[in-house]
Each structure stands twice: as C-alpha cells, then as structure tokens.
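First the structure, in the form of structure tokens, and then the observations on it.
The values are calculated or read from the model by the stated rules, or taken from the named source; none is laboratory data. Note that the structure is a prediction, hence the values are computed from the model and not measured. Don't worry about glycine lacking a Cβ; one is built from the backbone with ideal geometry, like all the others, and counts go over all protein chains shown. For accessibility, only protein heavy atoms count, side chains too; no ligands or nucleic acids. Shrake-Rupley method; radii C 1.70, N 1.55, O 1.52, S 1.80 Å.
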Amino acid sequence: MRLATIKLNGAETAGIVTSKGILPIASLNAAKGTGWKTDMMSLIQAGEIPAMTEWYNAGGKAELEGMAGLVPSEDVVYAPLYRSPKRIFGIGLNYVDHAGDIGSAAPTGFPGSFFKMADTLIGPGDEIRLPKLKEAQKTTAEAELGVIMGKDCRDVSEENWQDAIVGYTTILDMTEESILKGNDFVSGNPRYLCIVKNFPTFFSFGPQLVTPDEVPDVLKLEVQSVHNGEVYAKNIVANMTHRPARLVSLHSSIQGWYAGDILSTGTPRAFHIQDGDMAECRIVGPDGFEMAPLVNPVVDLKKHPEKE
C-alpha cells in the first residue's frame, strides 16, 4: 500500500494512493464507517497503518476504486508526508563513492550520524532555498532512501528491524558544503554539521509512504541522484557501508526511536545545485518497482531576496 498527504480544501490530509488518484482517509471512513486517523502522523503514532495495509491487501484495494471522494491524479497537490517529526536522523558518507567526493573515508565502525531540525522540512514541489549568507557558496543535494519509524521502541535487533518501521520514502537532504569543508580545516569537518544541515528547506521528503510489504528486499533498491532530469549518480542499498537493518538496530540502542522519526540512510553522491535547477530523488527496484519521484525546484536567496 502507498499513502500520501495532499492539500485539499485548505488543509493537509492523508490518503491512499490508487491507480486513478488519491482517496482521502476521511472519504474511506465515510464509505466504510471506519474511524482511521485522517492525518499521517496520527496514523503512524496510533499504529493503524499495518492494519490498514492488511485490509488493503485482502480486497480493500479493489474497493477503493469505486469510492466517492477520490482526488484524480491530475488534481493531486502533494504536501510533505507530515510536518513535525520528533526527530530526523541522517547518515553521512554511507556509500564509499560519496565519501570520496569530499576527501573522506566511509565510516566503518559507527556510522557518521547527525540530527536535522523539523523546521528544515519541505515537501514535493516546494522550493529549496539556497542561503543568502555570504559564506554559503556551494549547496549540494543528496537523494536518499528514507525509513519511517512506526513505533516507540528501544533495543531492536537487526533480525527484527522491520517490525519497528512503517514504511519507506524518497528524500532530498541538502548540505552547505562550502561551510562544511571550511577554508582552514580538513575536508568535511564534523564540527560544522549542525550548521550546514539545518538551513530552512534543507530536507524534503515524500510524496509517498510505501509500506514494507511492497518492498520484498530493500537491499535491491537503487537510489538515484537526479540533477535537472539527468541521473547524476546511482547505487543500490546493498552497497551501503551500514545497511538499514544495522542503522535501525544500532540507533535504537543509543537514542531509541519514536513513531514518526525519519531515518535518512545516505546518498550515492551529492550534486551541486544552483538557482533555477531541479533536484530529484528516484528509487527503483526489480520487476519494474519504482517509488513516486521527489522533485524540488531550487531558488537562490542571494538572487531572489524577496523569497525569504
């Protein structure tokens, strides 16, 4: 099953993706007499998505097609999947190729990890705004596989890591690379991660949450960094230094997880973005599997201060 949050009648509401569009959960409730939560974060925190997935796979998918209230695909305007996760947790340099881009070795013992603030968050189609700060001279975008946590938990084993998650999504994570490298410091100095990762609009995610049953083998997914419509770099999840099972398990034993936390698992390679560019994350897999792409336009506030 795939879920999304869309803009409808001045609000942001959760819905189920169908072949013809998106059916708001509120419309499903009206048709079936159910009481599912109607916003994505509440659905996750209440633990309702697994039960909804069971209903969907047991015949609900066919029922959705004839229900009233469907928003046709051509009328859908996506919002972020949700607005206020308790935590966004990123993994740096998780592919060897990307580590080489900034002259660093991929971390092997523990992953290179960092937090992002929730107010960096934007959704599909929203503008990535390059900082007007004069020291900010090179912003990069990073396409990543996102893992969405489905419950509050600690000490999750690697064998049972998928029991702790509710789905996957596409992510674009931005970095102000010129500050990260610095003029007088070693490449990629970690002292600056809080600064370079937390400018407004530096984290985009969505448009869809894909439930785990649709992804038989996450290690076979291919993450693509796409710049102005052209694939800049790609790699498969199996080539991560720290794979999702380890990332979920390890961090559950450190800070634990809350339902709705977002784990951004690292990029095959970052690409330099400038005013007027389009940044995109695509994730594909075997047998024609693909997630809905995440696409964001780029605006440089140095050139367009009125956008601030």
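Applying the criterion of at least 2 residues that are small (Gly, Ala, Ser) to the helices (runs of 4 or more DSSP H) found wholly in the stretch 1-62 leaves 25-32.
Quick one: which of Lys181, Lys197 is among the basic types (Lys, Arg) and open to solvent by less than 40 Å² (accessible area, probe 1.4 Å)?
Working: Lys181 fails: open to solvent by less than 40 Å² (accessible area, probe 1.4 Å).
Going through Lys181, Lys197 in turn, just one is among the basic types (Lys, Arg) and open to solvent by less than 40 Å² (accessible area, probe 1.4 Å): Lys197.
Of the listed requirements (1) open to solvent by less than 10 Å² (accessible area, probe 1.4 Å); (2) touching a residue at least 12 places away in the same chain (Cβ under 8 Å); (3) farther than 30 Å from Gln255 by Cα, Gly90 misses just one: (3).
Would the stretch 101-116 turn up any residue that is part of a helix (DSSP H, G or I) and modelled with pLDDT under 95?
Going residue by residue through the stretch 101-116, those that are part of a helix (DSSP H, G or I) are 101.
Applying the additional criterion that residues be modelled with pLDDT under 95 yields 101.
Yes - at least one qualifying residue is present in the stretch 101-116.
When Pro286, Pro297 are screened for being farther than 24 Å from Glu159 by Cα and surrounded by fewer than 17 Cβ atoms within 10 Å (Cβ to Cβ), only Pro297 passes.
Can you tell me which residue among Pro297, Pro268, Pro293, Pro286 is of a type outside the set (D, E, K, R) and either touching a Pro at 6+ places or on another chain (Cβ under 6 Å) or closer than 25 Å to Pro111 by Cα (or both)? Can you show your working first?
Numbers: Pro297 fails: either touching a Pro at 6+ places or on another chain (Cβ under 6 Å) or closer than 25 Å to Pro111 by Cα (or both); Pro293 fails: either touching a Pro at 6+ places or on another chain (Cβ under 6 Å) or closer than 25 Å to Pro111 by Cα (or both); Pro286 fails: either touching a Pro at 6+ places or on another chain (Cβ under 6 Å) or closer than 25 Å to Pro111 by Cα (or both).
Checking each option against the conditions leaves just Pro268.
Return yes when Ile273 is touching a strand residue (DSSP E or B) at 6+ places or on another chain (Cβ under 8 Å) and modelled with pLDDT of 95 or more and no when it is not.
Yes.
Screening Cys281 with (1) in contact with a helix residue (DSSP H, G or I) (Cβ under 9 Å, 6 or more places away or on another chain); (2) touching a residue at least 60 places away in the same chain (Cβ under 8 Å) gives one miss only, at (1). Of everything in the stretch 215-264 that is free of Cβ contacts under 8 Å to residues at least 24 places away in the same chain and within 28 Å of Val298 (Cα to Cα), the residue that is most open to solvent (accessible area, probe 1.4 Å) is Glu230. The lone criterion from (1) among the small types (Gly, Ala, Ser); (2) open to solvent by 10 Å² or more (accessible area, probe 1.4 Å); (3) in contact with a Phe, Trp or Tyr (Cβ under 9 Å, 6 or more places away or on another chain) left unmet by Ser157 is number (3).
Candidates are the residues of the stretch 22-59 that are open to solvent by less than 10 Å² (accessible area, probe 1.4 Å) and in contact (Cβ under 8 Å) with a residue 60 or more places away in the chain; the one that is nearest to Pro80 (Cα to Cα) is Met40. Name the single residue, out of those in the stretch 196-217 being touching a Leu at 6+ places or on another chain (Cβ under 8 Å) and outside any loop (DSSP other than H, G, I, E, B), that is modelled with the lowest pLDDT. The qualifying residue modelled with the lowest pLDDT is Val196. Do we find a residue being modelled with pLDDT of 95 or more, closer than 22 Å to Ile148 by Cβ, within 22 Å of the chain's Cα centre (by Cα) and open to solvent by 60 Å² or more (accessible area, probe 1.4 Å) anywhere in the stretch 6-21? Looking for residues that are modelled with pLDDT of 95 or more, closer than 22 Å to Ile148 by Cβ, within 22 Å of the chain's Cα centre (by Cα) and open to solvent by 60 Å² or more (accessible area, probe 1.4 Å), one finds at least one in the stretch 6-21, hence yes.
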